[in-house]
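Written below as structure tokens is the structure these notes are about.
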Amino acid sequence: MLGPDYLRYKKIPLNNGSGAIPALGFGTLIPDSITTKHATKAALEAGFRELDAAERYRNEAEVGDAMQEVFKAGKIKRQEVFIATKLWNNNHRPDRVRSAFEASLEKLQLDYVDLYLIHTPFAFQPGDEQDPRDANGNVIYDEGVTLLDTWRTLEGLVDHNKCKAIGLSDVSLGQVKEIFKAARIKPAVVHVESHPYLPQWDLLDYCTQHGIVLQAFAALGHSSEPRLLEDPVIAGIAKRVGKTPAQVLLAWAIQRGTALLTTSKTPSRIKENFDVSTIPEDAMREISEGIKSRVRFNAVVETGVPGFIPGQRG
Ligand SMILES: NC(=O)c1ccc[n+]([C@@H]2O[C@H](COP(=O)([O-])OP(=O)(O)OC[C@H]3O[C@@H](n4cnc5c(N)ncnc54)[C@H](OP(=O)(O)O)[C@@H]3O)[C@@H](O)[C@H]2O)c1
């Protein structure tokens, strides 16, 4: 008889910082503030112990309110939750990094975060405008700062112990190698879009060999077309193993060695997404080798402008 299935509680050791990151994480890219608060609370109550926030999502305060309500209720302690947030593109200059980081901490109502990510490798014109554009509507980039300059400033945040680990997001393998080689504090996490239509095997191999956790966002395909949740391979396995397509996709991501982020506004789906258990090896192979479609849903890696933020450009 099989023993209890602990897949949903799996943690992956980090090369620096808070020890280990929960493989199954909840993202807070949720446009409306009331829903953000309800969904974040529901995720913690369902069992999620990793939350992914970002200054760009403009809802860190609501994520903070939700966490504080749960912590004050006494059921979950701050130290039991792994909390990540991200630096946005207009704050890449070293003199802006610290104040952006402090502003995130304040909104999240925290003394430290477990992980701070550079949201994208693209530096935008420094200033308070998150989406600076010229008269023709083109993004205004900042040539005066490199990704390594920004990385060095994040290393300083770790030295001051307000941020336990640091990482990169929306980067290519080449950019990861460049920062890894030059870094005093190595990236603990590389956070990129990944799912069976964009498995990023090369990046996963490099990360595994170098002790970096690859964290996959859009693990369910972000409800975009073509719908990963309706892929016949995924649907067939779900039927065979008695789980939902979402649970199959989340299990695949964890079993192949990545951490992941999924998001839902819907309480029943939040519970469903935490109720993940191990799928058989033949199902793993069928997904990894049998699905040939290749789709990138989020174009942020091309310009730095996020493709998933409703009501905002891009
Ligand atoms: N660094 C970056 O550039 C970047 C970019 C994108 C995302 N992220 C992070 O990654 C997180 C996850 O990304 P994502 O939102 O694309 O995740 P996702 O889980 O792939 O997609 C979320 C969508 O799937 C639906 N859904 C969730 N569970 C479901 C289920 N069990 N059955 C059917 N549909 C389901 C949700 O609908 P409902 O909400 O209606 O239930 C929502 O529309 C974000 O919140 C964010 O933290 C980072």
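The values are calculated or read from the model by the stated rules, or taken from the named source; none is laboratory data. Just so it is clear, the structure is predicted and the values come from calculations on it, not from any experiment. Here the Cβ is made from the backbone with ideal geometry for all residues, glycine too, and neighbour counts use every protein chain on show. Please note that ligands, DNA and RNA were not included when accessible areas were found on the heavy atoms of the full protein model with its side chains. Shrake-Rupley method; radii C 1.70, N 1.55, O 1.52, S 1.80 Å.
Some observations on this one:
- On the principal axes of its alpha carbon atoms, the stretch 131-197 extends 41, 36, 22 Å, with the longest extent given first.
- On Cα atoms only, tilt of 173-182 relative to the major axis of the chain in degrees: 60
- The chain: most fluctuating residue of 86, 186, 11 per GNM, C-alpha cutoff 10 Å: 11
- Kirkwood estimate for the stretch 181-225, i.e. one over the average of 1/r between Cα atoms, Å: 11.5
- Rounded accessible area per residue of the stretch 1-150, 1.4 Å, Å²: 44
- Amide H contacts under 5 Å for residue 50, placed H, 5+ residues apart: 26, 82
- Kirkwood hydrodynamic radius of the stretch 66-210, from inverse mean 1/r over distinct Cα pairs, in Å: 16.5
- Distance between modelled label sites at residue 268 and residue 295, nm, 7 Å Cα→Cβ extension: 2.4
- Between the Cα long axis of helix 281-290 and the first principal axis of the chain there is an angle of about 60°, rounded to the nearest 10.
- Summarising the amide proton neighbourhood of residue 193: residues at separation of 5 or more, or on other chains, whose placed amide H is nearer than 5 Å comprise 170, 217.
- Using the Stokes-Einstein relation with a Kirkwood hydrodynamic radius computed over Cα pairs, the translational diffusion coefficient of the stretch 153-279 at 37 °C and a viscosity of 0.692 mPa s comes to 207 µm²/s.
- In this structure, residue 223 and residue 303 have a Cβ-Cβ separation that, at R0 = 35 Å, corresponds to a calculated FRET efficiency of about 0.95.
- Viscosity 0.890 mPa s, temperature 25 °C, Stokes-Einstein D of the stretch 1-149 from Kirkwood C-alpha radius, µm²/s: 146
- Residues with amide H under 5 Å from that of residue 92, placed H, sequence gap 5 or more: 124
- For the stretch 229-267 versus the stretch 180-208, the gap between their alpha-carbon centres in whole angstrom: 21
- At an R0 of 25 angstrom, the distance between the Cβ atoms of residue 143 and residue 103 translates into a FRET efficiency of 0.50.
- Calculated log₁₀ intensity ratio I(q)/I(0) where the Debye formula runs over C-alpha points of the chain, q = 0.07, 0.08, 0.14 Å⁻¹: -0.25, -0.33, -1.08
- For the stretch 55-143, the fraction of C-alpha pairs more than 23 angstrom apart is 32%.
- Treating r as the C-beta distance of residue 34 and residue 275 and R0 as 25 Å, the FRET efficiency rounds to 0.45.
- Here the sum of -39500 (n - 2.57) over DSSP H runs of 4 or more residues, divided by the residues of the chain, equals -11000 deg cm²/dmol at 222 nm, to the nearest 500.
- More than 14 Å apart - percent of Cα-Cα pairs taken over the stretch 219-286: 56
- Figure note: 33, 223 ranked by solvent-accessible area, largest first, 1.4 Å probe, ligands and nucleic acids not counted: 223, 33.
- Each of 146, 158, 123 was scored by the projection of its Cα onto the charge dipole of the stretch 123-276, and the greatest displacement toward the positive side belongs to 158; charges sit on the C-beta of Lys, Arg, Asp and Glu.
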